[in-house]
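Visitor: Just passing along the structure, written as structure tokens.
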Amino acid sequence: MSASFIDTLFHTQVRKEANHLMWLGVALVAIGLIALMFPVVSSLVATLYVGWALVFSGVATLYGAFAMRGASPFFGGLLLGLLSVGAGVFILARPIGGELAITLCLGGLFMIQGAFEAAFAFEMRPAQGWTWMLTSALASILLSLVILSGWPGVSLVALGAVIGVNFLSSGLAFLMVAAAAKRSVKAG
């Protein structure tokens, strides 16, 4: 069997969506480069974004809880809404503490992302481009280990720098998969 895409539903879909994968890769590379050029700023932006997202989701949850007043889910919704608003306000009031917590969570998230990308790469194998996705998976796992082993000292710049490297490696992987898919269509 050649290194080109084999005829499965998955590989057919990847070939069909090669242009979308390419544009996804371009966007991820651009975001990654911007985050790498300004790691402290991108760390702060990510932290503030999470803080505001928690506040807004908490307010929405509180609204939903009061809409169900008298029903058994009321207290669960009330508790979740108050905790979300409280966590968001804490992050907005103390962004450095928020960066510490978010950086720790990001270390765990990158480990999960690495596992997903590794599974995706092995699903693609022996198709062209699968090694790029595996490389991205290994980069995500390595970044996870760097974050978790250097925490909390790396939190101020690590969040922005790691987000940048992660977006960059994922973007390059999607560009390589898209290029391989396009070559496969031309060859087939």
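Visitor: Checking the conditions here, which among Ala65, Ala60, Ala87 is among the hydrophobic types (A, V, I, L, M, F, W, C), more than 16 Å from Ala161 (Cβ to Cβ) and exposed (fewer than 15 other Cβ atoms within 10 Å of the Cβ)?
Guide: Unique residue meeting the criteria: Ala60.
Visitor: Of (1) crowded, with 21+ Cβ neighbours inside 10 Å; (2) more than 17 Å from Ala27 (Cβ to Cβ), Phe122 satisfies all except one. Which?
Guide: In the conditions (1) crowded, with 21+ Cβ neighbours inside 10 Å; (2) more than 17 Å from Ala27 (Cβ to Cβ), Phe122 misses (1) alone.
For every residue, the table says whether it meets (1) acidic (Asp, Glu); (2) touching a helix residue (DSSP H, G or I) at 6+ places or on another chain (Cβ under 6 Å); (3) assigned to a helix (DSSP H, G or I); (4) closer than 30 Å to Leu9 by Cβ.
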site: Thr47; (1), (2), (3), (4): no, yes, yes, no
site: Val59; (1), (2), (3), (4): no, no, yes, no
site: Gly98; (1), (2), (3), (4): no, yes, yes, no
site: Ala119; (1), (2), (3), (4): no, no, yes, yes
site: Glu123; (1), (2), (3), (4): yes, no, yes, yes
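Visitor: Name the residue that is modelled with the highest pLDDT, counting only residues in segment 1-19 that are under 12 Å from Arg125 (Cα atoms) and of a type in the set (A, V, I, L, M).
Guide: Ranking the qualifying residues of segment 1-19, first place goes to Ile6.
Visitor: A further question follows. Which pairs turn up if I take residues in segment 47-58 that are farther than 21 Å from Leu159 by Cα and look for partners that are polar (S, T, N, Q) and part of a helix (DSSP H, G or I) with beta carbon separation below 7 Å, at least 6 apart in sequence or on another chain?
Guide: Taking only residues 6 or more apart or on different chains, the pairs are Ser57/Ser84; Gly58/Ser84.
Visitor: Could you list all residues from segment 73-113 that are of a type in the set (Phe, Trp, Tyr) and within 15 Å of Tyr63 (Cα to Cα)?
Guide: Here is the first cut: in segment 73-113, the ones of a type in the set (Phe, Trp, Tyr) are 74-75, 90, 110.
The answer is Phe74, Phe75.
Visitor: Taking Ser43, is it in a helix (DSSP H, G or I), touching an Asp or Glu at 6+ places or on another chain (Cβ under 7 Å), touching a residue at least 12 places away in the same chain (Cβ under 8 Å) and surrounded by 13 or more Cβ atoms within 10 Å (Cβ to Cβ)?
Guide: Spelling it out, Ser43 is indeed in a helix (DSSP H, G or I), touching an Asp or Glu at 6+ places or on another chain (Cβ under 7 Å), touching a residue at least 12 places away in the same chain (Cβ under 8 Å) and surrounded by 13 or more Cβ atoms within 10 Å (Cβ to Cβ).
Visitor: Being of a type outside the set (A, V, I, L, M) and not in a helix (DSSP H, G or I): is that true of Arg69 here?
Guide: yes
Visitor: Condition first: more than 30 Å from Gly129 (Cβ to Cβ), in contact (Cβ under 8 Å) with a residue 24 or more places away in the chain and buried (at least 16 other Cβ atoms within 10 Å of the Cβ). Can you find one or more residues in segment 70-77 that meet it?
Guide: no
Visitor: So Asn166 fits all but one of (1) assigned to a helix (DSSP H, G or I); (2) out of contact with any His (no Cβ under 9 Å at 6 or more places or on another chain); (3) surrounded by fewer than 22 Cβ atoms within 10 Å (Cβ to Cβ); what number is the exception?
Guide: Result: Asn166 passes all but (3).
The values are calculated or read from the model by the stated rules, or taken from the named source; none is laboratory data. Keep in mind that this is a model prediction, so the values were computed, not measured. Every residue, glycine as well, gets a Cβ built from its backbone with ideal geometry; the counts of neighbours run over all protein chains shown.
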